[in-house]
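The values are calculated or read from the model by the stated rules, or taken from the named source; none is laboratory data. Just so it is clear, the structure is predicted and the values come from calculations on it, not from any experiment. FYI the Cβ positions are ideal-geometry reconstructions off the backbone, even for glycines, and counts take in every protein chain you see.
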Amino acid sequence: MTIAEEFDRRTLLRRSAMLSAGLLIGPTALDRALEANAAELPTGAAPFVDSYRTNVLANLTPETNAAVRVLSGMQDLWRTGSTWDNGVVLNRNVLEANVRHVARITGSRTADQAKRAFIVDRQHQSYSAIGGLGPLAELYKAGAKAVTGITSAPDGTPPSTVDEKLPPDAPAGSALGAGSPDSALGQVVTLVNTVRGPFASGNPSKFAYQYPRPWRLSSESTVVPTGETDEFGYPVYRTDVVVAPQLLRQRSLKPAEDGGYPSGHTNALHLACLALAHAIPERFQELVTRAFDLADMRIVAGMHSPADVIGGRILATALAAATLADPANATLKAAARAQAAEYFRQHVGVDVFEYAHSAGTSTDPYADREANARLVTPRLTYGLPRTGRRIAMSVPKGAEVLLETRQPYLTANQRREVLRTTALPSGHALLDGPEHWGRLNLFAAADGFGAFDSDVRVDLDANRGGFHAADTWHNAIGGRGGLVKRGTGTLTLTGANSYTGDTRIEGGTLVAASPSALGKGEVQLRAGTLRLTGELRVRGYRQSSGTTLEVTVRRGDCAALTSGRPLSLGTGCTLVISLDDVPAGAVVPVISAPVLFGRFARVTVSGGARRVQPQYRTGGLSVRVLD
């Protein structure tokens with residue numbers, strides 16, 4: 001618990017006592033919040049990134065607290081009562097599904113899952129986030145002097161304390177959480193601490209909404225007693241839904257002070273992961289996955305419901321963007337990114353991105369991108385019933401900063417387009433709140449555009465290294481626009497793309513790694529290189545003089561490049577062929593088109609160890625493998 005969160009907790013206790021004594025009026029303004037279009041800000045309200053510093057316990061209404069307002073998608077499901085136990089269910093279908101999910105998960109929870117949930121509950125969230133760094137994690141811990149006092153869950157009799165403390169054998173200068181500001185990665189540590197700063201607590205929203213934790217709700221979403229009380233007469237957590245209730249009694253709060261929405265752990269986990277992702281974008285998508293993975297443990301523990309976890313993620317996404325977009329933090333975030341890049345460059349001895357993805361799944365739980373997608377996707381909505389509303393996506397002001405280091409070669413407006421075209425559709429419970437922070441899908445955004453709704457021009461610079469030099473877009477890209485690839489770097493497209501505009505390569509290398517990677521338009525290779533890792537089908541293809549087509553050919557009847565329209569080659573073009581298990585004497589197709597105009601000036605085999613003989617015909621090109 002941070003100092004700010006401890007201050008919030010004590011303030012909640014005082015406010016609760018005053019409410020009970022009739023000295024304060026409860027947050028009834030919540031009932032009036034955002035009754036019009038939930039996507040719009042109330043009249044006079046400032047965007048979250050401009051007003052996030054209002055997130056303090058003195059402000060408990062959507063009108064006064066930007067965080068409470070951002071989370072007001074809950075107003076479609078639940079109306080806060082005058083006391084903690086008389087709230088009104090507005091959408092029984094969603095809230096019953098919300099509680100049933102917790103019952104199903106906790107009812108099938110294994111002992112190992114329970115132990116992991118315990119560690120996530122008690123370990124500093126900023127330290128837990130480090131696990132998303134994969135092969136870089138141990139290097140980070142050493143450089144940041146980051147340690148933890150919670151490494152395992154108890155078996156049997158609980159220890160006398162479950163609060164994390166500095167291990168007695170920790171090296172001098174070590175610190176809990178993200179590490180020590182006085183370390184080789186001190187700027188990164190400070191960035192994490194700043195993102196999790198004094199305005200980053202979920203407690204004001206918990207107190208405002210007072211949505212009960214799952215063990216206090218029946219299947220009809222009515223408040224029920226827990227069946228146990230502590231020495232002060234306060235309810236304690238039910239034994240059938242928590243990991244180790246005897247460990248948690250010492251920190252029990254009155255129900256009014258212990259709301260579930262939003263999940264504070266989820267908020268903290270996403271904040272820490274997003275801060276690390278900004279400084280170490282080589283693991284951006286893996287850190288996002290880590291946040292989803294650990295946040296789900298709050299449900300496994302029975303401590304929170306899906307609505308709570310979704311709320312925590314929404315709040316953290318907005319808070320991380322606001323803190324990173326704050327001009328007061330501009331120098332810090334740049335210094336943190338530069339420090340991390342230089343630290344890892346010195347210690348890994350190879351390309352940092354390559355090293356960051358060098359481990360297999362046996363040592364890096366987030367090494368498999370497809371597995372990560374399967375983990376994250378259902379947790380974006382938890383399958384809660386749809387509300388059915390149709391609202392166009394509007395990217396929140398400042399949200400593009402979240403991709404600032406992950407896609408540094410894009411403009412701010414282009415990063416906004418990435419966020420818009422990869423966002424979740426409307427109609428999901430809680431996600432259609434003001435400014436649409438809940439609809440942002442940062443996992444998908446890391447994979448580039450979801451659509452080209454107008455022509456997209458991308459300029460990568462090989463000399464700048466990192467993502468400036470090379471990146472991969474995995475999404476299935478639709479839209480009516482096209483792509484213009486410029487610069488000296490390399491861009492790879494792997495998706496089943498359906499965009500209808502033309503693709504123009506005007507510099508560097510464009511890699512087509514799927515049969516439909518270049519969409520449904522014409523392809524023009526004007527400068528640089530087009531590389532095909534397998535078969536590619538295009539509507540039409542023109543290659544200008546001085547450019548290079550690189551293809552991989554295999555035994556079979558399918559050409560590496562198939563054009564539906566006549567294909568044109570300029571003078572001075574080069575073809576480079578990689579032979580994949582093709583024996584000498586074989587004739588393999590390279591290009592197929594209704595008509596082939598022109599010939600390559602040079603045809604070579606990659607590596608130079610083998611030779612081929614081109615065989616041109618009206619409808620394309622094959623090569624005979626000579627040796």
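Per this entry, residue 410 is counted among residues that are part of a loop (DSSP other than H, G, I, E, B) and either within 18 Å of the chain's Cα centre (by Cα) or among the hydrophobic types (A, V, I, L, M, F, W, C) (or both).
When you check residue 204 against the structure, is it surrounded by 17 or more Cβ atoms within 10 Å (Cβ to Cβ) and either modelled with pLDDT under 90 or out of contact with any Leu (no Cβ under 6 Å at 6 or more places or on another chain) (or both), yes or no?
Considered against the rule, which asks whether it is surrounded by 17 or more Cβ atoms within 10 Å (Cβ to Cβ) and either modelled with pLDDT under 90 or out of contact with any Leu (no Cβ under 6 Å at 6 or more places or on another chain) (or both), residue 204 comes out as no.
Among the residues of this structure, residue 433 counts as one that is more than 17 Å from residue 274 (Cα to Cα), in contact with a helix residue (DSSP H, G or I) (Cβ under 8 Å, 6 or more places away or on another chain) and either modelled with pLDDT of 95 or more or surrounded by 20 or more Cβ atoms within 10 Å (Cβ to Cβ) (or both).
Whenever a residue of segment 90-102 is part of a loop (DSSP other than H, G, I, E, B), its partners that are aromatic (Phe, Trp, Tyr), lying with C-beta atoms within less than 7 angstrom and at least six residues away or across chains, give the pairs 90/78.
Table: residues versus (1) surrounded by 22 or more Cβ atoms within 10 Å (Cβ to Cβ); (2) modelled with pLDDT under 85; (3) assigned to a loop (DSSP other than H, G, I, E, B).
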residue: 118; (1), (2), (3): yes, yes, no
residue: 133; (1), (2), (3): yes, no, no
residue: 137; (1), (2), (3): no, no, no
residue: 143; (1), (2), (3): yes, no, no
residue: 154; (1), (2), (3): no, yes, yes
residue: 173; (1), (2), (3): no, no, yes
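Scanning segment 491-510 for residues that are more than 20 Å from residue 445 (Cβ to Cβ), assigned to a strand (DSSP E or B) and not hydrophobic (A, V, I, L, M, F, W, C) yields 503, 504, 506, 507, 508, 509.
None of 371, 330, 359 is under 30 Å from residue 398 (Cβ atoms) and of a type outside the set (Val, Ile, Thr) except 330. For segment 517-576, which positions are within 37 Å of the chain's Cα centre (by Cα), acidic (Asp, Glu) and under 23 Å from residue 624 (Cβ atoms)? Answer for segment 517-576, where residues must be within 37 Å of the chain's Cα centre (by Cα), acidic (Asp, Glu) and under 23 Å from residue 624 (Cβ atoms): 535, 550. A single member of 257, 286, 282 is surrounded by fewer than 24 Cβ atoms within 10 Å (Cβ to Cβ) and either modelled with pLDDT of 90 or more or farther than 16 Å from residue 121 by Cα (or both), and it is 257.
Can you tell me which residues in segment 484-504 are of a type in the set (A, V, I, L, M) and within 28 Å of residue 357 (Cα to Cα)?
Hits for segment 484-504 are 491, 493, 496.
Among (1) β-branched (Val, Ile, Thr); (2) under 17 Å from residue 381 (Cα atoms); (3) surrounded by fewer than 17 Cβ atoms within 10 Å (Cβ to Cβ), where does residue 411 come up short? Looking at each condition in turn, residue 411 falls short on (2).
Take residue 447 and decide whether it is crowded, with 22+ Cβ neighbours inside 10 Å and assigned to a loop (DSSP other than H, G, I, E, B). Considered against the rule, which asks whether it is crowded, with 22+ Cβ neighbours inside 10 Å and assigned to a loop (DSSP other than H, G, I, E, B), residue 447 comes out as yes.
With respect to the conditions (1) surrounded by 20 or more Cβ atoms within 10 Å (Cβ to Cβ); (2) over 28 Å from residue 388 (Cα atoms), residue 472 falls short on a single one, namely (1). Taking residues in segment 464-482 that are over 19 Å from residue 505 (Cβ atoms), and partners anywhere that are aliphatic (A, V, I, L, M) and surrounded by 18 or more Cβ atoms within 10 Å (Cβ to Cβ), the pairs with Cβ atoms closer than 8 Å and at least 6 places apart or on different chains are 466/341; 466/352; 475/444; 478/451. Of the residues in segment 493-515, none is in contact with an Asp or Glu (Cβ under 9 Å, 6 or more places away or on another chain), surrounded by 22 or more Cβ atoms within 10 Å (Cβ to Cβ) and among the aliphatic types (A, V, I, L, M). Only helices (runs of 4 or more DSSP H) whose full extent lies in segment 303-400 are considered here, and none of them has at least 1 residues that are at pLDDT below 95, surrounded by fewer than 16 Cβ atoms within 10 Å (Cβ to Cβ) and touching a strand residue (DSSP E or B) at 6+ places or on another chain (Cβ under 8 Å).
Restricting 610, 617, 554 to residues that are within 24 Å of residue 493 (Cβ to Cβ), among the basic types (Lys, Arg), out of contact with any Pro (no Cβ under 9 Å at 6 or more places or on another chain) and modelled with pLDDT under 95 narrows the list to 554. When segment 340-376 is filtered for residues that are touching a residue at least 40 places away in the same chain (Cβ under 8 Å), β-branched (Val, Ile, Thr) and out of contact with any Phe, Trp or Tyr (no Cβ under 6 Å at 6 or more places or on another chain), only 363 remains.
Residues in segment 450-469 that are surrounded by 21 or more Cβ atoms within 10 Å (Cβ to Cβ) and touching a Leu at 6+ places or on another chain (Cβ under 9 Å): 452, 456, 458, 460. Being among the acidic types (Asp, Glu) and either at pLDDT 90 or above or more than 29 Å from residue 365 (Cα to Cα) (or both) is the requirement here; does residue 85 meet it? The answer is yes for residue 85.
Restricting to segment 434-463, name every residue that is aliphatic (A, V, I, L, M) and free of Cβ contacts under 8 Å to residues at least 60 places away in the same chain.
Passing the criteria: 444, 445, 451, 456, 458, 460, 462.
Candidates are the residues of segment 120-131 that are in a helix (DSSP H, G or I) and without any contact (Cβ under 8 Å) to a residue 60 or more places away in the chain; the one that is nearest to the chain's Cα centre (by Cα) is 127.
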